[in-house]
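Structure, as structure tokens:
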Amino acid sequence: MPYFVRRETDLARFQLRAVPYLRAHEAANNLILGLLSRSHVDCPPEIMAWVENQDGICLVALKTDPAHNLILSFGFHPSAASVLARHLIQSGVLLPGVLGPRDSVAEFVDTWISRAAGVKAELAMRERIYQADTVVPPQRTAGAARLATAADIDALVPGVRAFIEEAMPESDPEEAPTLVEKKIREGFPKGGYWLWEVDGRWVSLAGFGGPTGHGIRVGPVYTPPAHRARGYGSQVVGSLTQTLLKAGYDHVFLFTDLANPTSNSIYQRLGYRPVTDVDQIQFRRL
């Protein structure tokens, strides 16, 4: 069955074609859907593409800007990712990396490194997408939750910078001030930060944003080392998830690093259930 790659430069037309396909598997595609929901206020994405066959779309790809990885959607045809990789190479596209479902990423990477001269692939992270529709409240600890405001930006930046340094080595920690300000500016319930406070100071934070139609994504989640192993992370994620569900979302999504068994266990105790696994691959020059 032949595949065809379609590229789009108009965001509205791309959304019209891609979003119905993406929402058919909303949890697995929550990252792309969330980015598209914000694109009307940010710069238009650098790459908007899909692969189709005689039955319709079978893979969607999005790349927001030159510094960020290509994101692949969920799909039942991993070989479509190979077709996309060949098309992008022939078009002279350069990529820092790719993120998406494990099978599709493997097909894309095999083609990319075999056809793009002088490139090797490195596994940066293996992640799991979770979804919660209800919350199992954690055991109560000291403190209380609240929504962060613009007055909290300066206090939050060091925490978000530390999260990037610890959990996102391919990202620039100096982006933290911009990320914090942008997310708070989105406003509840579209985006922001949720804090767990003890004695008037935050001890754990959870960001949220990227509405997908029926859901929204939680992240980053960060507890400073001095406040860990006290249940604060469970409290901030549990209370935020419950708040978002009460605000009208049917689902709440999050990504976890599979190398961190603690966070994976915590989220499942809160009522999150696994959806699919994704790999993040970085391309390096030989």
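What per residue convex hull volume, in Å³, do the alpha-carbon atoms of the range 11-94 yield? Please report the intermediate quantities before stating the final value.
Values: hull volume 8.1 nm³, N = 84.
Cα convex hull per residue, to the nearest whole number: 96 Å³.
More than 25 angstrom separation, counting every C-alpha pair in the chain; what % is that?
So the pairs more than 25 Å apart make up 47 percent of the total in the chain.
Roughly what would the spin-label model give for residue 46 and residue 123, points 7 Å off Cα along C-beta, in nm?
2.6
What are the radius of gyration and Dmax of the range 26-74, computed over its Cα atoms and given in Å?
Gyration radius and largest Cα-Cα distance of the range 26-74: 11.3, 34 Å.
For the range 135-270, just say rounded, prolate or oblate: build the C-alpha gyration tensor, square-root its eigenvalues into a ≥ b ≥ c, call rounded for a/c under 1.5, and beyond that prolate if a/b exceeds b/c, oblate if not.
Here the range 135-270 falls in the rounded category.
Sorted by average packing, counted as other Cβ atoms within 10 angstrom per residue and highest first, what order do 204-214, 96-106, 110-120 take?
Ranked by mean Cβ neighbours within 10 Å, highest first: 204-214, 96-106, 110-120.
Indicate the gyration tensor shape class of the range 126-196 (rounded, prolate or oblate), computed on the Cα atoms with a ≥ b ≥ c the square roots of the eigenvalues: a/c under 1.5 is rounded; otherwise a/b larger than b/c is prolate and the rest oblate.
Oblate, since a/c reaches 1.5 and b/c is not below a/b.
So what's the back-of-envelope 222 nm ellipticity for the chain, counting only DSSP H runs of four-plus at -39500 (n - 2.57) apiece and dividing by all residues, rounded to 500?
That calculation yields -10500 deg cm²/dmol at 222 nm.
Could the peptides 2-12, 138-148 be put in order, highest first, of the mean number of other beta-carbon atoms found within 10 Å of their residues?
138-148, 2-12
For the chain, what is the charge dipole size about the Cα centre, in debye to the nearest 20, if Lys and Arg each add +1 at the Cβ and Asp and Glu each add -1 at the Cβ?
It works out to roughly 320 debye.
Using the Kirkwood radius over C-alpha pairs as Rh, can you work out the diffusion coefficient of the range 78-202 via Stokes-Einstein at 20 °C, viscosity 1.002 mPa s, in µm² per second?
Numbers: Rh = 18.2 Å.
D, rounded to a whole number, is 118 µm²/s.
Would you mind calculating the gained length between residue 273 and residue 168 on full extension (0.36 nm times residue separation, minus the Cα-Cα distance), in nm to one decimal? Before the final figure, lay out each step's value.
Numbers: separation 105, 0.36 × 105 = 37.80 nm, distance 2.31 nm.
In short, 35.5 nm is gained.
So for the range 1-142, considering every pair of alpha-carbon atoms, how many percent are separated by more than 27 Å?
Above the 27 Å cut-off, the range 1-142 has 23 percent of its Cα pairs.
Taking residue 182 as the anchor, which lysines have their alpha carbon closer than 22 Å to its alpha carbon, excluding any fewer than eight residues away along the same chain?
63, 190
None of the figures in this text is laboratory data; all of them are computed from the coordinates on show. For clarity, every value in this text was computed on a predicted model and none was experimentally measured. Using ideal geometry, Cβ is built from the backbone for each residue, glycine included, and neighbour counts are taken over all protein chains shown.
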